[in-house]
Amino acid sequence: MRVVIDPGHGYPDPGARGKVSNEADINLDVSFFVARFLSEKFKITAPLTRTGQKRLYKDNRHLDL
């Protein structure tokens, strides 16, 4: 089984902006949690399409992965 996690958004597109955080930051936090859960519980390696603030490609806003 192969799992790849796409946190979505990322600089320069923060997604929806809340009072405390941006959607991009929440997506990344949840993605790290899911990847760690899959690794610890099921021994599944799940790479992320981004692990930092920047998205995978600068101009991919409207492109499918």
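The values are calculated or read from the model by the stated rules, or taken from the named source; none is laboratory data. None of the values given here were measured: they were computed from a predicted structure. As a convention, Cβ positions derive from the backbone with ideal geometry for all residues, glycine included, and neighbour counts pool all protein chains shown. Side chains included, ligands, DNA and RNA excluded: accessible areas come from the protein's heavy atoms. Shrake-Rupley method; radii C 1.70, N 1.55, O 1.52, S 1.80 Å.
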Considering only segment 3-36, how many residues are aromatic (Phe, Trp, Tyr) and over 17 Å from Gln53 (Cβ atoms)? 1
Can you tell me which residues in segment 19-47 are open to solvent by less than 50 Å² (accessible area, probe 1.4 Å) and not in a helix (DSSP H, G or I)? Ser21, Asn22, Ile44, Ala46
In segment 4-17, how many are open to solvent by less than 50 Å² (accessible area, probe 1.4 Å) and outside any strand (DSSP E or B)? 4
